[in-house]
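The structure under discussion appears below in the form of structure tokens.
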Amino acid sequence: MIEVEGTLKSRLAIWLLATVSALGVLLLVEAYFSSQHAAERAYDSQLEAAALTIAEAVQWEAGQPVVKIPSAALQILATRHQERVFYAVLDADGQRVSGNLDLDIAPEWRRRASSQPIWMNEAYQGTQWRLYGRELDSAGWETQDPVQIWVGHTMTGREALTEVLFEQAVTRFVIMVLLAGILMLLAMRVALAPLRRLRQQLRRRDADDMRPLDTRVPEEMREMAETLDSLFTRQRQGREALLRFTADASHQLKTPLAGLQTTSELALKRDSPDAWRQALVEVHGSAERTSRLASQLLSMARLRHAVEANATSRIDALALLHETAFDWAQRDAAQAHDIGLAPLPASPQYIQGEVWALRELLGNLIDNALRYTPPGSVITLGAVCHAQTLELYIEDDGPGVSPDVMAHLHHPFERGDRQDTEGSGLGLAIVDSIVRRHEARMQVESAEKGGLRVRLLFPYLTQHEEE
Amino acid sequence: MRLLVIEDDPLIARSLEQALTPLGNIVEVFTHHAQAREALQGGQFDLVLLDLGLPDGNGLTLLAELRQRGDTTPVLILTARDGVDDRVEGLDLGADDYLAKPFSLAELEARVRALLRRSQQRVDNRLVFGALTFDAASGVVTLNDRVLDLPRRELCLLEGLMLHAGSITPREALENRLFGYGDVGPNALEVYISRLRKRLDGSGLRIRTFRGLGYRLEEVSS
């Protein structure tokens, strides 16, 4: 089941957008503060320059400082933002020698300015002012008194400059983001091109085209392409096996059907009821064999092509053995034999497996025992609990087989060197593949009473699997 | 006895008809789901032989409908699919027995006889097998029309065997019937079986042992 969950593009875009916005917020905050800082520095140095220009204009007349403010100083202070400008020159006692506004310079400020130049922000007449104060050792002819020079202006210019600088930074950032976005779209187109190519190739494929892929892919997609390739390979193998099996099966079925055809054809040409009867007996036997062959071929096909993973369940092997023995003992085919069940272990014994396959396994073994032993033979099913494995066995007191034949009994179409009884020899091959599917082992040996004993050793269901 | 055969393959249908008619039965054959449904709603049958793969519908739905109406006519399912799931589903829906194709006619006849016997027993509350009859109400057993006076446990055992006559009665079921659910020795049941065997000697009936599985009351084949 394929569930479409967004697109790669939107996923990439969302990630990119998230990181860019987080980064953008940081960058913008930083840009704002550095614009403010730059504006501050620019205007502060203007204030400083103005203060120096004023300082140079301080002159002493009769021991008193006299200031003639040069227009240059005020020009420096006056920006194009129509700011209000403040200046004051104070003598050593704090008396105002010159000034333009009645902004009070507190004694505390004077004291601090006397040691080193100070900067301060101050509210006056409802607006924020930036003030700069410094002390000047202005030497007159007679006296040497310090003079303090204070300058200041309102903040409009700074704010405007900050704004301009910040706007520029934002513009640069937005342009960068747009460019990055366009580049990202282009990059995604380029990066996803191999995926698109692969998709087109797969779409163009015929339903039964199982050849390996022929395309260029980047390293990241190699695993996927290889997985696809191996899927194609397995499908091809599966299909070939199916074709081979179908051919084998039809060949197998053709032989008895040909027999049926010729026998009935011959009988139709004859006139004697005895000949008809003889032919009918042969037809009946052959039809029975063909039915059995068909159901065995079906089991074989089911075993080979079973793709139902996890179809296994926890099975009580003893109950299954009992049930299968019960079922077979009732059958018409078993009436001439003595089928029985040896006393079973008292407690249930669990194994992991597929019920139908295990039933088929036991049924095939019973069927074989019925077919390859003379009427009246004793066939016994039973179970033995070993330390590591659970043994299910079936033994008979028939003629048995020689040891060298025993080794390759489970190859398909092998009948233990016997041509006297009917059968395709598929039974043990089915048994063998079911045994392997259950990770069990099969041992065929001579029974104590001279017949054959088939032992099936199953691993117990472990505690881990039981959970 | 009226038998209804629902089977779409003409060859099989014909041989079923020919095989079952000599058992003293009226056999009606239908090849389609719809016809069979009509026949089932109309008439009274003693046994239904139902093929699951019909051209116009699944036989299992027909079975489910039948049981939903409260009709307890015995149903024997015939199918080419021998999957376990199908079998379980069929029996869950109320089928009485199940036979996978291909089957031998001898086997089919045996199963049909067993089902008809059960059907008959439902009607007159009497078990009949060969020369034996058992009246469930009075507990009287007759063999060749002569009353057989049996001790309680032998009577109990014979009833158990006759309920499943023709097929194997599991030994656990017989043991529970005779001795309750307590522990009994392995030979206790065998003692009563051999006593019954002596009584049935020469009656044309016998009790066959299936080692470890159970016992079957069957007719001695010539």
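Values in this text are rule-based calculations from the coordinates and carry no lab data. Values in this document were obtained by computation on a predicted structure and should not be read as measured data. So basically every Cβ, Gly included, is an ideal-geometry build from the backbone, and we count neighbours across all protein chains shown.
Please average, across the residues of A:338-349, the number of beta carbons from any other chain that are within 10 Å of each residue's own beta carbon, and give a whole number.
2
Kirkwood Rh and Cα-based Rg: tell me the resulting Rg over Rh for chain B, rounded to two decimals.
1.01
Taking the beta-carbon count within 10 Å as an exposure proxy, list B:156, A:385 from fewest neighbours to most.
With the sparsest Cβ surroundings first, the list reads A:385, B:156.
With just the Cα atoms defining each centre, how far is the stretch B:126-194 from the stretch B:32-70? Give it in Å.
Taking the Cα centre of the stretch B:32-70 as reference, the centre of the stretch B:126-194 is 35 Å away.
Tally Lys and Arg at +1 and Asp and Glu at -1 over the other residues with C-beta under 9 Å from the C-beta of residue B:47: what net charge comes out?
Net charge in that neighbourhood comes out at -1.
Contact order normalised by length for the stretch B:30-179, with contacts defined as Cα pairs under 8 Å and 6 or more residues apart; what percent is it?
Dividing the mean separation by the residue count of the stretch B:30-179 yields 14 percent.
Counting pairs of Cα atoms in the protein assembly as shown, how many percent are more than 38 Å apart?
Within the protein assembly as shown, distances greater than 38 Å cover 63 percent of Cα pairs.
Would you mind pulling out the separation of the Cα centroids of the stretch A:189-205 and the stretch A:235-290, in Å?
If we compute the Cα centre of each part, the gap is 52 Å.
Please list the non-local residues whose amide H lies under 5 Å from the amide H of residue A:101, H modeled 1.01 Å from N, same-chain partners needing a gap of 5 or more.
A:87
Residues with beta-carbon under 13 Å from that of residue B:27, excluding residue B:27: net charge, scoring Lys, Arg +1 and Asp, Glu -1?
Once positives and negatives cancel, what remains is -3.
What are the lysines whose alpha-carbon lies under 27 Å from the alpha-carbon of residue A:449, with same-chain residues fewer than 8 places away excluded?
Filter leaves no residues.
How compact is the stretch A:10-163 by the rule of thumb for globular proteins, expressed as Cα Rg over 2.2 N^0.38 Å?
So the Cα radius of gyration is 1.41 times the expected 2.2 N^0.38 Å.
Count charges around residue A:324 for me, please; just the other residues with Cβ under 10 Å from its Cβ, Lys/Arg as +1, Asp/Glu as -1.
Computed value for this residue: -2.
By how many degrees, between 0 and 90 and to the nearest 10, does the Cα long axis of helix A:156-204 differ from the longest principal axis of chain A?
20
Provide B:203, A:115 in ascending order of the number of other Cβ atoms located within 10 Å of each residue's Cβ, fewest first.
By the 10 Å Cβ count, ascending: A:115, B:203.
From the helices alone, meaning DSSP H stretches of at least four residues, give me the mean residue ellipticity at 222 nm for chain A, per-run term -39500 (n - 2.57), in deg cm²/dmol to the nearest 500.
Here the helix-only value at 222 nm equals -18500 deg cm²/dmol.
Can you work out ³J(HN,Hα) from phi for every residue in the stretch A:57-71, in order, using Karplus 6.51 cos²θ - 1.76 cosθ + 1.60 and θ = phi - 60°, giving whole Hz and x for Gly and Pro?
8, 6, 10, 10, 10, 6, x, 10, x, 10, 10, 10, 5, x, 5
Fewest first, what order do B:209, A:324, A:7 take by the number of other Cβ atoms within 10 Å?
A:7, B:209, A:324
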